[in-house]
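Step one of this worksheet: look at the structure below.
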Amino acid sequence: MPPILPGEWLPLADCSAAAMRYSFCEEPEDAMHPVCVASLSVAARFLAACLAGALFLAPAAAAPWLAQGDAAPQPSRCLAIAQSAPPTLRAEYRRLSPPLMPAQGEPFSLAPPEVGSVAIRFVGHATFLITSPQGVTIATDYDGWAGGVTPDVVTMNHAHTSHFTTSPDPAIPNVLRGWNPQGGPARHYLNVGDVLIRNVPTDIRSLGGIREADGNSIFIFETANLCIGHLGHLHHVLAPEDLAVIGQLDVVMVAVDGSYTMSQDAVVETLKVLKARLILPMHYFGMSTLQRFLDRLGEDFQVEMNPSAETEVSVATLPDSPKVLVLPGF
């Protein structure tokens, strides 16, 4: 059976067969083995998600996922986790060889292999420079300056000229606008090296209060088994339909100015809904604005002031509970 892409839903008759791809159980005597038990739990979650899609979701749900380039992009791990379906896991029926068995008295672990870390540097305003384990560089809300490097990818938003440029460096191979100059929403879903990049369009308002549909995009970068979201110039609380296509985020970059984007109370509400474990504030213009935001967080978030403008993030180093990490510069 071919891979199942985001927005693609199987007929009811195919769900059970597809779910069994995620089982490591082969013989009846395997039934109590820890790997078999854990894999059956994954298969059961997949089956539930598959049946829900077959029963309730129309084929039109696939419309937002427009692939770019010749090769089909990988499925989104963030969406798979949020929908309680397994990520890009592929399994086969096989018996475990003795070396894989834990020694007597030792705990059995299904820990994922180490996949490297992601470097994130705060360039300023709403621009972060993200570097993947394979060295792919991405500048968010690029206005012509990416900290002295020429990135492999830049993303832009349409709120103000401090979030985009009309003349990006021609040496940048991937320029992703968060709005569609031809009208309608922008759609991006592509792989660049070891990074899957996709967007979720949202609306913005002008300084005069006029609404511009789809003028902003939340960009999501999936690499090193992390889901990293940049909310851009978000002007409204996220609706359920927005959350459904964002998926689960591990790291989120959010504007906290409280005026040009949305109120700081609305930002805190949004962060509680997103449940990302690492939050990187941006777009705050000065320390007094930042401090007002931090004062609103209450006891639900840890706060840490990083000594430098750069940090490294991996699955292993994510905090256990939501933490706001302030990178110097604004």
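Enter the per residue convex hull volume of region 228-298, computed from alpha-carbon coordinates, in Å³ rounded to the nearest integer.
Numbers: hull volume 5.5 nm³, N = 71.
It comes to 78 Å³ per residue, whole-number rounded.
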Isotropic mean projected area of the C-alpha convex hull, region 148-243 (nm²): 7.2
Dimensions (Å) - region 167-305, Cα atoms, principal axes, largest first: 41, 41, 32
Net charge of neighbours whose Cβ lies under 12 Å from the Cβ of residue 202, counting Lys and Arg as +1 and Asp and Glu as -1: -3
Relative contact order, percent, region 184-330 [alpha-carbon distance under 8 Å, six or more residues apart]: 17
Beta bridges per DSSP with both ends in region 252-330, % antiparallel, nearest 5: 0
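When the solvent-accessible surface of protein heavy atoms is calculated with a 1.4 angstrom probe, in what order do 308, 132 fall, highest first?
Ranking 308, 132 by accessible area, largest first, yields 308, 132.
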Rounded accessible area of residue 205 (nearest 10 Å², 1.4 Å probe): 90
Cα centroid separation - region 182-236 against region 260-278, whole Å: 16
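The values are calculated or read from the model by the stated rules, or taken from the named source; none is laboratory data. These figures come from a predicted structure and were not determined experimentally. Cβ: placed from backbone, ideal geometry, glycine included. Neighbour counts: every protein chain shown. SASA here: full protein model, heavy atoms, side chains in, ligands and nucleic acids out. Shrake-Rupley method; radii C 1.70, N 1.55, O 1.52, S 1.80 Å.
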